[in-house]
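Below: one structure, written as structure tokens.
Coordinate-derived values only; no laboratory data. Small disclaimer: the values here were computed from a predicted structure and weren't measured. Please note: Cβ atoms are built from the backbone with ideal geometry, for glycine as well, and neighbour counts cover all protein chains shown.
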Ligand code: FES
């Protein structure tokens, strides 16, 4: 017989937490940061969005959002929570442009597949929207503009 009370397990079960993250929030705009943190070229913030390590960066006044994983050997690109640093991986110094395409690759000749088709090695980008001083990210393409939420 049910007493209509939620089991305490519902509040601490990692599987239920993951279902809620994917089912409720993955298709929503999620607050990611404040615009004042991203005023200058190369300013960045690093945020955890539903367990994904995400960076939001100002690249010549364009705000971009990427999963914080390098296309080369999957190193994290920014390890600080915020700062001012180019979009360059610290491991082998691949540099990425505002589209997430690797444009600066040391020892280019060693990577003929990458230099022939750099777009195939883009960082994973995320939808990004700004409402006033607030920035929002979406992990997957959302059908409603951010203003509707
Ligand atoms: S792992 Fe990023 S440049 Fe090699």
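Just a few scattered comments:
- Gyration tensor verdict on region 28-104 (Cα atoms; rounded if a/c is under 1.5, prolate if a/b is larger than b/c, oblate otherwise): oblate
- Among 131, 49, 123, the largest mean-square fluctuation in a Gaussian network model of the chain (Cα springs under 10 Å) belongs to 131.
- Expressed per residue, the C-alpha convex hull volume of region 1-48 stands at 129 Å³.
- Cα→Cβ-extended label distance, 7 Å offset, between residue 122 and residue 92, nm: 2.2
- If R0 is 41 Å, the Cβ-Cβ spacing of residue 11 and residue 109 corresponds to a FRET efficiency of close to 0.15.
- Point-to-point label distance, residue 130-residue 61, nm (Cα→Cβ direction, 7 Å offset): 1.0
- Here is how the number arises for the chain: DSSP H runs of 4 or more residues each give -39500 (n - 2.57), the sum is divided by the residue count, and the result at 222 nm is -2000 deg cm²/dmol.
- Candidates 64, 54, 114: whichever shows maximal mean-square fluctuation once the chain is modelled as a Gaussian network with Cα springs under 10 Å: 114
- Size descriptors for the chain: radius of gyration and Dmax over Cα atoms are 18.5, 70 Å.
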